[in-house]
Structures are given as structure tokens and as C-alpha cells.
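*Asks:* I'd like to ask some things about the structure below.
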Amino acid sequence: MVVWRQLVLHVVGARPNYMKIAPVYDELEKLGTVEQRLIHTGQHYDREVNDVFFSELPLPKPHEQLTVGSGSHAEQTARAMVELERLFMRLRPDLVVVPGDVNSTLAAALAAAKLNIRVCHLEAGLRSFDPTMPEEHNRRLTDHLSTLLLTHSEDANDNLRAEGIPSEKVAFVGNTMIDTLLANVEKARKLQAWRDFGLDSRNYVLVTLHRPALVDDPRLIAETLRGLEEIARETPVVFPVHPRTRERLRAAGATAERVMLVEPLSYSRFLSLQTGAAGVVTDSGGIQEETTALGIPCFTLRDNTERPVTVTHGTNVVLGLDPQRLAEVPLRLHHSRPTAIPPLWDGRAGRRSAIAIDTLVRGGQLAIPEIPARVGRRAAPVPVAVPAG
């Protein structure tokens with residue numbers, strides 16, 4: 001007898017999406033109750049780097065590889081919508097899962113919603129409250145198009161509630177990116193990637209910068225490199241440079257004498273460097289989360305963060321978009337503050353997400369009773385329960 005199963009599509013467009021979706025895909029495979037397909041839009045696709053990522057994570061190679069490519073935000077989103085609409089009409093999925101906040105996230109949500117296909121947003125509810133960030137619009141619109149919103153922090157639940165999204169659509173599942181980190185961290189530590197650069201554990205600063213607000217401003221990116229050069233006078237600095245960032249450094253005439261500018265790294269090697277770092281300088285949201293989980297001091301060169309839990313609970317210090325504040329890093333490295341791991345960043349968020357998705361596509365109701373909210377707030381979604389074993 002042929003058993004017909006619901007089809008779930010996972011749409012990814014950039015490397016951080018892989019780490020978010022991998023635990024969900026893996027846990028749904030273990031449940032075995034739905035068919036799954038992984039779709040890569042080609043928004044950011046470097047075959048050499050991406051193939052390494054897929055080999056390191058519990059993900060198949062994409063079942064469908066689209067060719068969206070680069071371009072303006074409108075061009076990229078429009079091309080992704082056109083290609084995804086054709087794909088959705090051919091495959092007729094029962095649910096489209098979209099992680100994060102890249103242009104492919106919004107494009108998939110819009111294309112699915114217009115075809116009356118349900119959408120699940122993984123990492124819903126994050127808000128920077130900065131309307132100049134394209135990602136902020138992607139997050140908000142995707143959340144309001146979604147049938148199921150999977151959140152990773154209490155502040156995300158608060159944001160969705162404030163925007164009037166019904167609590168029965170929201171499942172507080174935890175942080176799936178931290179599932180990926182915890183599954184790989186011991187292997188990464190054993191790599192001791194710092195030795196490849198002649199470094200000692202806990203005696204260097206790791207850097208990753210890519211956001212246009214910083215790297216596209218010739219003055220800011222040049223000042224940032226000068227600030228990193230000053231840190232490197234007393235503590236080694238290693239900076240895996242994204243090709244686009246390297247191009248902007250070159251255009252700004254910024255050169256490094258002491259900072260080690262190296263090629264982009266695989267997930268495992270970069271994670272290895274994080275585990276051994278004295279601190280990390282970044283503008284990446286995902287790195288803010290990973291450093292919090294690892295207990296590594298993090299210094300964010302942005303005016304805001306959509307992940308305030310990394311500040312209230314974790315190791316993150318938001319320096320602002322002010323390279324001069326890099327001068328604070330050496331002192332702050334020696335005066336760390338007590339931190340805590342945010343609730344449900346426990347390595348089981350993928351399991352909770354899979355249960356919520358499985359319940360939705362098979363026609364059940366999300367049994368998420370309400371519990372007393374934090375002081376001064378209305379009742380919040382309770383975490384999705386994970387069966388023992």
C-alpha cells in the first residue's frame with residue numbers, strides 16, 4: 001500500500017540558514033512522518049564553501065538549486081519569487097519553512113502565501129527596530145505571512161504579541177543554530193584551528209564583518225581596520241575575510257600589517273577558532289548567539305541588535321557603529337561579567353521545531369497552553385514539549 005505523506009519544503013539562501021535548518025530537517029527525518037525537500041535559491045552560493053557546509057551538517061545536497069544570484073534587494077527578491085513560484089506550482093508543497101531574514105526568506109514567504117501554501121518562519125519575532133535595515137522588513141513581513149512562527153527567545157515572543165500575532169500561531173522552541181553548535185563543538189575544539197595560524201588558545205581576537213552599513217562605507221571600514229591593528233599590537237587578531245569585504249577594504253585603500261587577513265573558513269574551522277578565542281569582534285547576528293552559547297566575549301560593531309537576549313543574558317557588548325570603540329576591547333577582555341545561557345538554548349530546539357511542524361501539517365492543533373508572562377506582560381507561549389528519549 002502506498003502511504004501518501006505531506007510535503008515540506010525548506011528554502012535556504014545564505015550560509016547561516018544551513019545551521020538553522022539542519023537540526024529541524026534532521027529531526028523531521030527521524031520522525032519519518034513527512035516528505036522533505038531542501039531548496040537553495042542561489043542568493044549566496046560559493047560552490048566550494050557551500051559544499052563543505054553541507055558535508056559538515058545533517059543536510060542533503062539541495063534537491064533543487066535555483067539561480068537567483070546577486071543584485072539589488074528588489075532584483076534579488078523578485079528573481080527569487082519568480083523561480084520559487086514556478087517550483088511551488090510544480091511540487092505543490094503542504095508547508096514551506098523559511099529560516100532567518102535574508103531576501104530569499106521573504107521571497108519564499110510571499111510566493112507561498114500567494115499560492116495559499118502555509119508558511120513556517122524559523123527564528124520568528126526578532127526585531128532590531130531599525131527601519132534602515134533591509135532584514136528588518138524581511139523579518140516583519142515574513143512573520144505576518146506565516147501560519148506557524150517558531151521563536152528562539154522570550155523577547156521574540158514579546159515582539160510578536162505586541163504586533164498582534166495570535167499566540168496560537170507561535171511556538172517557543174529555542175535556538176536551532178545552537179543545536180548545530182552543540183552537535184559540532186567538541187569536534188571543532190579538537191581541530192585546534194588556531195594552531196594553523198600560529199596562535200595560542202585564549203590569546204587572540206577573532207573578527208568577522210560583512211554588513212553593508214559597515215563594509216560599504218570607505219571611512220568606516222578603513223577606521224575599523226585601523227582599530228583592529230591597534231588591538232593587534234598586544235593581542236593577535238585573525239580576520240577571515242568574505243570576498244565582498246576584501247573588495248571593500250581594497251577599494252578603501254585599507255591595508256593590514258599586524259591583522260591576519262585570511263580566506264573564508266568552513267563551519268567547523270571557524271567554530272574551532274571561536275572556541276579558542278579570547279574574544280570576537282563581529283557585526284553578525286549568528287555570531288552574537290554562538291559566542292553567548294560558548295561564553296566567549298563578543299563585541300558587536302552595530303548600533304543595535306535584533307538579538308537583545310545576547311546582551312541581557314549573554315556575552316555580547318554592542319559597541320555601536322563606531323570603530324573608535326574598538327579601543328575598549330583589550331580592557332573588556334580582562335573584565336568579563338557574569339552571563340547565562342538563554343532559556344531553551346539546550347540542543348533540543350530542532351526536536352521541538354519538528355514536533356510543531358509535524359503537528360501542523362498533519363492537521364493537529366499546537367497544544368501550547370499559556371503560562372504567566374514575565375512581570376508586566378501578558379501570557380506568553382509556553383515552550384513546545386519534547387517527549388523523553
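The values are calculated or read from the model by the stated rules, or taken from the named source; none is laboratory data. Not measured: the values here are computed from a predicted model. Ideal geometry is used to build each Cβ from the backbone, glycine not excepted, and the neighbour counts take in all protein chains shown. Side chains included, ligands, DNA and RNA excluded: accessible areas come from the protein's heavy atoms. Shrake-Rupley method; radii C 1.70, N 1.55, O 1.52, S 1.80 Å.
*Asks:* Note down the net charge around Asp217, summing +1 for each Lys or Arg and -1 for each Asp or Glu among other residues with Cβ under 10 Å from its Cβ.
*Replies:* 0
*Asks:* May I ask what percent, to the nearest 5, of DSSP beta bridges between residues of the chain are antiparallel?
*Replies:* 5
*Asks:* A further question follows. Under 30 Å between alpha carbons, and skipping anything fewer than 8 positions from Lys61 in its own chain: which lysines qualify?
*Replies:* List returned: Lys20, Lys30, Lys114, Lys187, Lys190.
*Asks:* Turning to a different aspect of this structure: Pick out, from Val173, Ser153, Asn184, the residue whose Cα sits farthest towards the positive end of the charge dipole of region 127-194, with +1 on the Cβ of Lys and Arg and -1 on the Cβ of Asp and Glu.
*Replies:* Asn184
*Asks:* Starting from 0.36 nm per residue, how many nanometres of slack lie between Thr255 and Arg362 once their C-alpha separation is accounted for?
*Replies:* Taking Thr255 through Arg362 to full extension adds about 32.9 nm, to one decimal.
*Asks:* Which of the peptides 9-22, 282-295, 160-173 is most tightly packed, and how do the rest follow, judged by the mean count of other Cβ atoms within 10 Å per residue?
*Replies:* The most tightly packed comes first, giving 9-22, 282-295, 160-173.
*Asks:* Per residue and in cubic angstrom, what volume does the convex hull of the Cα atoms of region 111-196 have?
*Replies:* It is 155 Å³ per residue.
*Asks:* Next up: Grab the other residues whose beta carbon is less than 11 angstrom from that of Arg325, score K and R as +1, D and E as -1, and report the net.
*Replies:* Overall, the nearby charge balance is -2.
*Asks:* How large is Rg over Rh for the chain, taking Rg from the Cα atoms and Rh as the Kirkwood inverse mean of 1/r across Cα pairs?
*Replies:* That ratio is 0.96, to two decimals.
*Asks:* Could I ask something else about it? Using modelled amide H (1.01 Å from N, peptide plane; none on Pro or chain starts), what sits under 5 Å from the amide H of Ile165, excluding residues fewer than 5 places away?
*Replies:* Those qualifying (amide H under 5 Å, at least 5 residues apart or on another chain) number zero.
*Asks:* Using a 1.4 angstrom probe on heavy atoms only, work out the carbon and sulfur share of the accessible area of region 237-374 in %.
*Replies:* 52
*Asks:* Also, I was wondering about something else. Can you send over the carbon and sulfur percentage of the accessible area for region 100-202, probe radius 1.4 Å, protein chains only?
*Replies:* Carbon and sulfur together cover 51 percent of it.
*Asks:* Looking at the calculated P(r) for region 166-314, what percent of the C-alpha pair distances fall above 27 Å?
*Replies:* 23
*Asks:* Still on this structure, please answer the following. Quote to one decimal, in nm, the extra length available between Arg189 and Asp130 on full extension: 0.36 nm per residue of separation minus the C-alpha distance between them.
*Replies:* Difference between extended and current length: 17.6 nm.
*Asks:* Under 5 Å between amide H atoms, partner at least 5 residues away or on a different chain: which partners does Val237 have, H built in plane at 1.01 Å?
*Replies:* The answer is Val205, Met260.
*Asks:* Per residue of region 199-204, what does 6.51 cos²θ - 1.76 cosθ + 1.60 with θ = phi - 60° give for ³J(HN,Hα)? Whole Hz please, x for Gly and Pro, Karplus curve as stated.
*Replies:* Each residue of region 199-204 in turn: 9, 9, 4, 6, 9, 7 Hz.
*Asks:* Counting only heavy atoms of the protein chains, get the accessible area per residue of region 209-329 (1.4 Å probe) and round it to a whole Å² value.
*Replies:* 36
*Asks:* Further, regarding this structure: Quick one: which residues, 5+ away or cross-chain, put their amide H under 5 Å from the amide H of His242? H built at 1.01 Å from N.
*Replies:* It is Leu209, by chain and number.
*Asks:* Sort Leu110, Leu150 from largest to smallest accessible area, using a 1.4 Å probe on the heavy atoms of the protein chains.
*Replies:* Sorted descending by solvent-accessible area, the residues read Leu110, Leu150.
*Asks:* Between His335 and Glu75, 0.36 nm times their residue separation minus their Cα-Cα distance comes to what?
*Replies:* Full-extension gain reported as 89.0 nm.
*Asks:* Return a whole-number percent for the relative contact order of the chain, with Cα pairs under 8 Å and 6 or more residues apart as the contact set.
*Replies:* About 17 percent, as a whole number.
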